[in-house]
Structure formats: structure tokens, C-alpha cells
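Undergrad: Take a look at this one; I'll ask things after.
The values are calculated or read from the model by the stated rules, or taken from the named source; none is laboratory data. Owing to the predicted nature of the structure, the values given are computational and were not obtained by experimental measurement. Cβ placement follows ideal geometry from the backbone for every residue including glycine, while neighbour counts extend to all protein chains displayed. For accessibility, only protein heavy atoms count, side chains too; no ligands or nucleic acids. Shrake-Rupley method; radii C 1.70, N 1.55, O 1.52, S 1.80 Å.
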Amino acid sequence: QVQLVESGGGLVQAGGSLRLSCAASGRTFSIYTMVWFRQAPGKVREFVAAISASGGSTYYTEAVKGRFTISRDNAKNSVYLQVNNLKPEDTAVYYCAAAPGVGIPTRESAYTYWGQGTQVTVSS
């Protein structure tokens, strides 16, 4: 079992940056594909970015390409999301999640373990 704890959210002005972190418990972190989802008020949760277990492959939703970067440090059992050039429409609760196995799924149902989320608010 994996427990995930996100941090790093906050209130920033448009154009600003944040670095979101997700710390995982357990000794098998390196076997999990890791993902970031987000949920804006009144909207469904949506896929943002994912990284393979080895860190060799990443995938982003079109809306964040060029602005967000996902990375991981398996030695520290952590995954990160560097978010740059933030826009008001990026305002949401950001969740990290983990899925065992290969590939980089983008659907929620593929992910077994979820964190509690961290709030990102972007003011215009």
C-alpha cells in the first residue's frame, strides 16, 4: 500500500510559479506510474501530467504543455510538478496518484492510490 501526501500549493498571481511535491510512503515507489490530476470548482477531475515508473517517459495534457514539468526522485519517494506561467484557469485542487504496472494511463480509474490534494489558486 502507498500513502501519498501533496504539498506546495498556494496563492499566486498570474504568470507566477509553484513547485508541487508529492511524498510517498512505502519501499516500492519505483514500480509506480505517478500522475497529477486537478479538479476546479464545479468541474470534474482532469488529467494533468504523468511520469513512468523509471522517469523515462512523461505525458501532459495539451493545456499545460510547455508550462508544467513533471519529475520524480525514486530515491526520495517523491514526484514533483513544476508549474510555470500560471493562469487563472489553472486554479484547482491538485492531486497526485499512483498506479502499479507499466504504461502511462490518463484515466482516473487506473490509479489505485490518491493523496488528499493541495490547493492552487491563481489570481488575475
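Undergrad: T91 is checked against (1) within 16 Å of G10 (Cα to Cα); (2) crowded, with 21+ Cβ neighbours inside 10 Å and fails just one. What number does that condition carry?
TA: (2)
Undergrad: Looking at (1) open to solvent by less than 20 Å² (accessible area, probe 1.4 Å); (2) under 15 Å from V120 (Cβ atoms); (3) in contact with a helix residue (DSSP H, G or I) (Cβ under 9 Å, 6 or more places away or on another chain); (4) not aliphatic (A, V, I, L, M), which one does R45 not meet, given that it meets all the others?
TA: (1)
Undergrad: Follow-up. Exactly one of (1) of a type outside the set (A, V, I, L, M); (2) within 12 Å of E6 (Cβ to Cβ); (3) in contact with a helix residue (DSSP H, G or I) (Cβ under 8 Å, 6 or more places away or on another chain) is unmet by Y80. Its number?
TA: Condition not satisfied by Y80: (3).
Undergrad: Does S71 qualify as being touching a helix residue (DSSP H, G or I) at 6+ places or on another chain (Cβ under 8 Å) and among the small types (G, A, S)?
TA: So S71 does not fit the description; no.
Undergrad: Same structure, new question: Would you mind stating whether V102 is touching a residue at least 24 places away in the same chain (Cβ under 8 Å), of a type outside the set (G, A, S) and surrounded by 13 or more Cβ atoms within 10 Å (Cβ to Cβ)? Before you say what the answer is, go through the steps one by one.
TA: Working: touching a residue at least 24 places away in the same chain (Cβ under 8 Å): yes; of a type outside the set (G, A, S): yes; surrounded by 13 or more Cβ atoms within 10 Å (Cβ to Cβ): no.
Considered against the rule, which asks whether it is touching a residue at least 24 places away in the same chain (Cβ under 8 Å), of a type outside the set (G, A, S) and surrounded by 13 or more Cβ atoms within 10 Å (Cβ to Cβ), V102 comes out as no.
Undergrad: Next up: Across region 27-78, what is the number of residues that are among the β-branched types (V, I, T), more than 23 Å from Q119 (Cβ to Cβ) and part of a strand (DSSP E or B)?
TA: Of the residues in that region, 2 qualify.
Undergrad: Ok, one more. Restricting attention to region 106-124, report how many residues are more than 13 Å from the chain's Cα centre (by Cα) and not in a strand (DSSP E or B).
TA: Final tally of qualifying residues: 5.
Undergrad: Report, by residue number, each residue of region 1-16 that is surrounded by 13 or more Cβ atoms within 10 Å (Cβ to Cβ), assigned to a strand (DSSP E or B) and among the aliphatic types (A, V, I, L, M).
TA: L4, V5, V12
Undergrad: From the list R19, R38, exactly one residue is under 18 Å from N84 (Cα atoms) and open to solvent by less than 30 Å² (accessible area, probe 1.4 Å). Which is it?
TA: R38
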